[in-house]
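Right, one structure below, let's go through it.
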Amino acid sequence: MKIGPLGIVRRSTLEWLQEQSASAVAAAERVEPPTPRPSKLAMFNAVDDWTTSFVVDGVTVGGWAGLDADPRLLWNLEAVGGAGGRRVLELGSFEGAHSKMLVEQEVDEVTAIEGFRPAWLRSLVVKEIFELKRVRFLFGDFCAYVTEYDGPPFDFVVASGVLYHQVNPAQLIRDLARITDRVLVWSQVADETSPPGPETLVGSGDRSYRGRLHSYGRSRDRDGYCAGVRESAVWLFPDDLFAAFRDAGFAFFGRHPDHRTVYGAAVLFAASKHDELRVPDWQAT
């Protein structure tokens, strides 16, 4: 301590820094009280029309889709060596289930972008209930975000269930190549019968890629709609989808054997600019 003019007691700079340090340590050591289960359930039930099911303190709530234990994402994470300590961009984060999985896999941080407003609002509820402090849920057009992004590269991008909702998926793939070296993909793809729309071409750079046009039509007005934010999209044929990735600079693929859903053919793969991928055993549940 120092005695200043008029007898005022003055602290030294060192004393002030020591006090601030002690306060910071005390704050870090404080344990926030857990949110009681009734409060968590009340928050969850405050929002209607869930598609995803979650387990909140032993109680299963929500919809029909168990996406917070999605084996497709686990397979893709294994293909790139896990999520631990990595910075991730998630496209079309929907109700936050995959973001929650990434946190559970010890990701360093997730930037998750959703353009469907009801789903984005539900993801904010999920963030609060499960205390997903490593996730930022942003609302808007992730294509615009990818195009305008000028920060450090992401360790990988999760593009699960989004490429077949794009007007021009080939251009999105080219834009992703600027901001990451790895993309984790699950997507429907075109075949001889699905989607039922006509064949079309989309361009990126000086290349064109074949696909089928899919119109959402009146389904956009139905309860439970959770597809693209535009009126139509293009599903690329598998060979054209992989060609778009190769043309963008992704030379290596960890690919699961093609499978089908009720909507037709689908693909699951990790694309990388580096020879680092492995193909895990498929553990569907």
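The values are calculated or read from the model by the stated rules, or taken from the named source; none is laboratory data. If you're wondering where the values come from, they're calculated on a predicted model, not measured in any experiment. Neighbour counts run over all protein chains shown; Cβ positions are idealised from the backbone, glycine included. In case anyone asks, the SASA skips ligands and DNA or RNA and just uses the protein heavy atoms, side chains included. Shrake-Rupley method; radii C 1.70, N 1.55, O 1.52, S 1.80 Å.
Pairing residues of region 113-128 that are under 18 Å from Ser53 (Cβ atoms) and touching a residue at least 60 places away in the same chain (Cβ under 8 Å) with residues that are among the hydrophobic types (A, V, I, L, M, F, W, C) and assigned to a helix (DSSP H, G or I), at Cβ distances under 6 Å and at least 6 apart in sequence or on separate chains, gives Val125/Met43. Of all residues in region 131-140, those satisfying the criterion of being closer than 15 Å to His98 by Cβ and out of contact with any Phe, Trp or Tyr (no Cβ under 8 Å at 6 or more places or on another chain) are Leu132, Arg134, Val135, Arg136.
Among the residues of region 159-175, the one identified as out of contact with any His (no Cβ under 8 Å at 6 or more places or on another chain) and part of a strand (DSSP E or B) is Ala159. Here Val279 passes the criteria (1) modelled with pLDDT under 95; (2) within 30 Å of Gly63 (Cβ to Cβ); (3) in contact with a helix residue (DSSP H, G or I) (Cβ under 7 Å, 6 or more places away or on another chain); (4) of a type outside the set (S, T, N, Q) except the one numbered (2).
Would you mention how many residues in region 141-165 are open to solvent by 30 Å² or more (accessible area, probe 1.4 Å), within 16 Å of His98 (Cβ to Cβ) and in contact with a Gly (Cβ under 6 Å, 6 or more places away or on another chain)? Within region 141-165, residues that are open to solvent by 30 Å² or more (accessible area, probe 1.4 Å), within 16 Å of His98 (Cβ to Cβ) and in contact with a Gly (Cβ under 6 Å, 6 or more places away or on another chain) number 1. Is at least one residue of region 81-98 farther than 30 Å from Val185 by Cα, at pLDDT 60 or above and under 24 Å from the mean Cα position of the chain (by Cα)? Taking every residue of region 81-98 in turn, none turns out to be farther than 30 Å from Val185 by Cα, at pLDDT 60 or above and under 24 Å from the mean Cα position of the chain (by Cα). Among the residues of region 176-199, those that are among the hydroxyl-bearing types (Ser, Thr, Tyr) and outside any strand (DSSP E or B) comprise Thr193, Ser194.
From the list Ala22, Ala42, Ala65, Ala69, exactly one residue is touching a strand residue (DSSP E or B) at 6+ places or on another chain (Cβ under 6 Å), surrounded by 10 or more Cβ atoms within 10 Å (Cβ to Cβ) and modelled with pLDDT of 60 or more. Which is it?
Being touching a strand residue (DSSP E or B) at 6+ places or on another chain (Cβ under 6 Å), surrounded by 10 or more Cβ atoms within 10 Å (Cβ to Cβ) and modelled with pLDDT of 60 or more holds for just one of Ala22, Ala42, Ala65, Ala69, which is Ala65.
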